[in-house]
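These notes concern the structure reproduced below.
The values are calculated or read from the model by the stated rules, or taken from the named source; none is laboratory data. Every value quoted in this text rests on a predicted model; they were computed, and no experiment measured them. No Cβ is skipped: glycine too gets one built from the backbone with ideal geometry, and neighbour counts run over all protein chains shown. Each accessible area value is taken on the protein alone, full model and side chains, heavy atoms only, with ligands, DNA and RNA left out. Shrake-Rupley method; radii C 1.70, N 1.55, O 1.52, S 1.80 Å.
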Amino acid sequence: PARRLALARPLVLAKLDGQTRLLARAQEARPDLRLPLTAALEAIAARKELARTADLAGLLGCEGAAAAAYFEAFAALFSPTLGMQGRNRRPPKDPVNAALSLGYTLLTHAAVRAAAQVGLDPLLGFLHAPAFGRPALACDLVEPVRCHVDELVWRLFAERRLRPEGFRTEPSGCLMGKAARETFYGAFEEELAALPRLLRQMASGLARELRAVPLPEWLGC
């Protein structure tokens, strides 16, 4: 448990740092939203301070509380016509969440490849507990870089490269149309091309750290 906590804590702190940077940039771009953005930044800062000394359960609690504050403020950056009221998934209920889910999925696939390339099992995580069908380690690696997808989605809607008419709502959730998918894939590949390489660097650093831990004497190695 202590080892797991030591590896999980930097992931959460890095994620909170990314959220802070994005909301700080949003403050500059949207002075009309200074009040909700400032409140979210203060909430995240408080949770970050607690996360530095929390146990694993407390760390997860800090991450969850910070995410709630973050997405409440993040939702304010979008037009009310998009119906974005916070993070939702499985299925996403609005165009913004549909775009976020697609971006996170692309990141997770890249993280699975990155982990496998350096000899790590993508299913065995430290922050995320292993669960059937979930690449827990890949989910771990993605946490610090989610904010890059968030910023891309914000920019695509702000620049009207993604629009409400590019999505449709069905009983299964909000779905992205073909033209919107092409726009999103093109922007992701062009503007976030460095992220797969960053994920490989993170996975490689984790592998080196794990291999540096001495094996127990009773293993006879």
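Some points to look at:
- The one condition in (1) open to solvent by 20 Å² or more (accessible area, probe 1.4 Å); (2) assigned to a helix (DSSP H, G or I) that Tyr104 fails to fulfil: (1)
- Some residue of region 126-142 being modelled with pLDDT under 95, touching a Ser or Thr at 6+ places or on another chain (Cβ under 6 Å) and farther than 29 Å from Ala29 by Cα: no
- When region 76-96 is filtered for residues that are touching a helix residue (DSSP H, G or I) at 6+ places or on another chain (Cβ under 9 Å) and in a helix (DSSP H, G or I), the ones remaining, listed by number, are Thr81, Leu82, Pro95, Val96.
- From the options Ala8, Ala51, Ala45, residue that is touching a helix residue (DSSP H, G or I) at 6+ places or on another chain (Cβ under 8 Å), within 19 Å of Ala65 (Cβ to Cβ), small (Gly, Ala, Ser) and surrounded by fewer than 19 Cβ atoms within 10 Å (Cβ to Cβ): Ala45
- When Leu192 is tested against (1) open to solvent by less than 50 Å² (accessible area, probe 1.4 Å); (2) modelled with pLDDT of 95 or more; (3) within 18 Å of the chain's Cα centre (by Cα), just one condition goes unmet, and that condition is (2).
- The number of residues in region 107-135 being in contact (Cβ under 8 Å) with a residue 40 or more places away in the chain, in a helix (DSSP H, G or I) and over 22 Å from Cys147 (Cβ atoms) comes to 1.
- Scanning region 171-197 for residues that are in a helix (DSSP H, G or I), over 30 Å from Ala8 (Cβ atoms) and touching a residue at least 12 places away in the same chain (Cβ under 8 Å) yields a total of 6.
- One residue from Arg168, Arg200 being open to solvent by 70 Å² or more (accessible area, probe 1.4 Å), outside any loop (DSSP other than H, G, I, E, B) and in contact with a helix residue (DSSP H, G or I) (Cβ under 6 Å, 6 or more places away or on another chain): Arg200
- Every residue from region 54-69 that is open to solvent by 50 Å² or more (accessible area, probe 1.4 Å) and under 18 Å from Gly86 (Cα atoms): Ala68
- Considering the conditions (1) within 23 Å of Phe126 (Cβ to Cβ); (2) under 19 Å from the mean Cα position of the chain (by Cα); (3) assigned to a helix (DSSP H, G or I); (4) not polar (S, T, N, Q), Leu37 is excluded by exactly one of them, (1).
- Every condition in (1) surrounded by fewer than 18 Cβ atoms within 10 Å (Cβ to Cβ); (2) over 22 Å from Gly86 (Cα atoms) is met by Arg160 except one, and the failing one is (2).
- Of the listed requirements (1) touching a Phe, Trp or Tyr at 6+ places or on another chain (Cβ under 7 Å); (2) under 18 Å from Arg155 (Cβ atoms); (3) assigned to a helix (DSSP H, G or I), Ile44 misses just one: (2).
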